[in-house]
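Quick notes on the structure that follows.
Just so you know, all these numbers are worked out from the coordinates, no wet-lab data involved. Predicted model, so just to flag it, every value in this text is computed and none were measured. Heads up, the Cβs are rebuilt from the backbone with ideal geometry, glycines too, and the neighbour counts pull from every protein chain shown.
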Amino acid sequence: MRNSILMQSVMTQGLRHDAVTIVLHWVTAALVVALWTIGQTVDVFPNGPVRIDYRSIHIVLGAILAVVVLARLAWRLAQRDVLPPIDHGLLLAIARVTHWTLYVLLVVTIVLGANYTWARGDSIFNVFTIPQMVPGDRALTHQIGDWHALAANGLLIVAGVHAAAALFHHYILRDETLRRMLPWGPR
């Protein structure tokens, strides 16, 4: 058993994810961090054009994230087990649950963000207006906004655990998990 695990580990050394997977992963990560940061700081700006533009950037980046996540899910579902797993047993199960939890949280956060934008109504760069879903229903708007924030915070926490696990693999287990997803290095 131990010999087969060592052999599997040797067989996976040097294997990397394909370029599309790597690009989609890091674009998703960058968008999530940027969107969360904007979401946390939008109230710093007073009402007016700067705040409208800042919130508009958040909405546009959220729409871009939706497209990236759809592309990522389509790519992932089309590419079955491209790389053999490094982990086995419980670590593999945890990794799979974490990855699918990230996908679910991404979709939930995006859907809630779109609904929040629609519930509150908004101006996008003062160029066009998104009408309110139910004008005057501030309680509904507030509730959807709270759910969106909760999902975004949950997403950031799970993504942080995911990043910590990658660092654990790299520095403690000293395996190829992190290197497989890095955008640089030998192909």
Do you know the relative contact order of the stretch 17-181, to the nearest whole percent, from alpha carbon pairs under 8 angstrom that are 6+ apart?
25
Given a 10 angstrom Cα cut-off, can you work out which residue in Ile157, Ile86, Ile172 is the most mobile in a GNM of the chain?
Ile172
Suppose the chain between Ser56 and Leu178 were pulled fully straight at 0.36 nm per residue; how much longer would it get relative to their current alpha carbon spacing?
40.5 nm
By how many degrees, between 0 and 90 and to the nearest 10, does the Cα long axis of helix 19-41 differ from the longest principal axis of the chain?
40
Which value in Å is the Kirkwood Rh of the stretch 98-187 over different Cα pairs?
15.7
Helix-derived [θ] at 222 nm for the chain: sum -39500 (n - 2.57) over DSSP H runs of at least 4, divide by residue count, nearest 500?
-24500 deg cm²/dmol
Among Thr141, Val67, Gln40, which residue has its Cα furthest toward the positive end of the charge dipole of the chain, with +1 on Lys/Arg Cβ and -1 on Asp/Glu Cβ?
Val67
Sequence-distant or interchain residues sharing an amide H contact under 5 Å with Gln132, placed H: which?
none
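Please work out the FRET efficiency for the pair Thr98 and Asp146, using the Cβ-Cβ distance as r and a Förster radius of 30 Å; give the result to the nearest 0.05.
Calculated transfer efficiency: 0.75.
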Can you pull out the chymotrypsin sites (Phe, Trp or Tyr not before Pro) in the stretch 131-187 that DSSP calls coil and that have at most 12 other Cβ atoms within 10 Å?
Trp184
When you have a sec, figure out the Kirkwood radius of the stretch 17-181 from all distinct Cα pair distances and drop it here in Å to one decimal?
17.5
Charge context of Val104, other residues only, Cβ under 14 angstrom, K/R +1, D/E -1:
+3
Place a point 7 Å from the Cα of Asn126 in the direction of its beta carbon; the residues of the stretch 45-75 whose amide N falls under 15 Å from it are 46-57
So which trypsin sites (Lys or Arg not before Pro) in the stretch 79-157 are both in a DSSP loop and have at most 15 other Cβ atoms within 10 Å of their Cβ?
Arg80
Determine the dipole magnitude for the stretch 17-181: charges of +1 sit on the beta-carbon of Lys and Arg, -1 on that of Asp and Glu, nothing else is charged, the reference point is the Cα centre, and the result goes in debye to the nearest 20.
120
For the stretch 88-187, what is the relative contact order in percent, using Cα pairs closer than 8 Å and at least 6 residues apart in sequence?
24
